[in-house]
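Here is the structure we will look at.
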Amino acid sequence: MNHEPFIVPPGKKIRLKNYSPDFTGKFKSKEGVQKLLAEDIERLAELQDVLYAQDTYALLLVFQALDAAGKDGIIKHVMSGVNPQGCQVYSFKTPSSEELDHDFLWRTTKALPERGRIGIFNRSYYEEVLVVRVHPEFLNGQHLPKGTIDDDVWKHRYNDINNMERHLVRNGTIILKFFLHVSKKEQKRRFLERIDMPDKNWKFSAADVQERGHWDQYMRAYEDMFSHTSTDWAPWYIVPADHKWFTRAAVADIIVAKLESLKLKYPEVNKERKQSLLKAREMLEKE
């Protein structure tokens, strides 16, 4: 799969109207992409095993999206073959009082994956330049020093995020950032489905509809975020999300391609270790 259409070019001003939410490329149906997705899920499991054994890199997957774009489904399906011991998922919702008493990066920083593991952020520190920007009144609850909440507050946060991500990448954390781009029409359909289907009622909140009323503000906040935080070391991927089957296949393929580019290898056993293994074999065979 060609990933080029999804990558946000660093330093470019982005307009989401130029990215189609229902794009599926050469794939015209779910059946056409099932084989690729199945192969990528199997390959991801193999690569995760080597990632864990090599213990050099960590992989951080960041998922951002508007409500009903499919973040939970992506995590469930794409990571279905991964060993749970080497993967951790964190969902970041409304900050607690403890979290508000720290800097805005603190609660996500302490959840970062260690070497050899895959960390998944269902929403992330980017909420601080998205929902907080759409609802600037939330800044008042963050106990910030006087004078820091000004016209440059978002610019400063973009810089802080870029510097943090650069630091992580330099120290072996690979960062893949996905925005699941769902259309307003498709979001409405999924909301109605959650209301009409009893087994999906639990997923619906009236607050989701209220946030939908800020659609245009969110679009502008996302565009500004992409323009300032898609970097060479941690680019954003805008993945079409109107067709869940395509979204899952695209995300899985991007993850696999990135891991393969690392040329991961199992640790080599030195001469002393090999001799120890041979001795262990002899002891076992003599039992």
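The values are calculated or read from the model by the stated rules, or taken from the named source; none is laboratory data. Computed from a predicted structure; not experimentally measured. Ideal geometry is used to build each Cβ from the backbone, glycine not excepted, and the neighbour counts take in all protein chains shown.
The residues on offer are Asp253, Asp216, Asp160, and the sole one that is among the charged types (D, E, K, R), modelled with pLDDT of 95 or more and buried (at least 18 other Cβ atoms within 10 Å of the Cβ) is Asp253. Checking Gly81, Gly86, Gly11 one by one, the residue that is over 18 Å from the mean Cα position of the chain (by Cα) and either closer than 21 Å to Tyr222 by Cβ or among the small types (Gly, Ala, Ser) (or both) is Gly11 and no other.
Pairs linking a residue in the range 159-179 that is in contact (Cβ under 8 Å) with a residue 12 or more places away in the chain and part of a strand (DSSP E or B) to a residue that is surrounded by 14 or more Cβ atoms within 10 Å (Cβ to Cβ) and of a type in the set (Lys, Arg), with Cβ atoms under 9 Å and 6 or more positions apart or on different chains, are Thr173/Arg115; Ile174/Lys258; Leu176/Lys258; Phe178/Lys71. All of Glu268, Glu272, Glu282 fail the test of being surrounded by fewer than 10 Cβ atoms within 10 Å (Cβ to Cβ) and either on the phi > 0 side of the Ramachandran plot or part of a loop (DSSP other than H, G, I, E, B) (or both), apart from Glu268. Condition first: under 14 Å from the mean Cα position of the chain (by Cα), surrounded by 14 or more Cβ atoms within 10 Å (Cβ to Cβ) and assigned to a helix (DSSP H, G or I). Can you find one or more residues in the range 37-48 that meet it? No, the range 37-48 contains no residue that is under 14 Å from the mean Cα position of the chain (by Cα), surrounded by 14 or more Cβ atoms within 10 Å (Cβ to Cβ) and assigned to a helix (DSSP H, G or I). For the range 49-85, give me each residue that is under 24 Å from Pro240 (Cβ atoms), touching a residue at least 60 places away in the same chain (Cβ under 8 Å), not in a helix (DSSP H, G or I) and not small (Gly, Ala, Ser). If the condition is that a residue be under 24 Å from Pro240 (Cβ atoms), touching a residue at least 60 places away in the same chain (Cβ under 8 Å), not in a helix (DSSP H, G or I) and not small (Gly, Ala, Ser), then Leu59, Leu60, Leu61, Val62, Phe63, Gln64, Leu66, Asp67 are the ones that fit. If the condition is being farther than 30 Å from Thr148 by Cα, outside any loop (DSSP other than H, G, I, E, B), touching a helix residue (DSSP H, G or I) at 6+ places or on another chain (Cβ under 8 Å) and not small (Gly, Ala, Ser), then the range 86-125 contributes Cys87, Val89, Ile118, Ile120.
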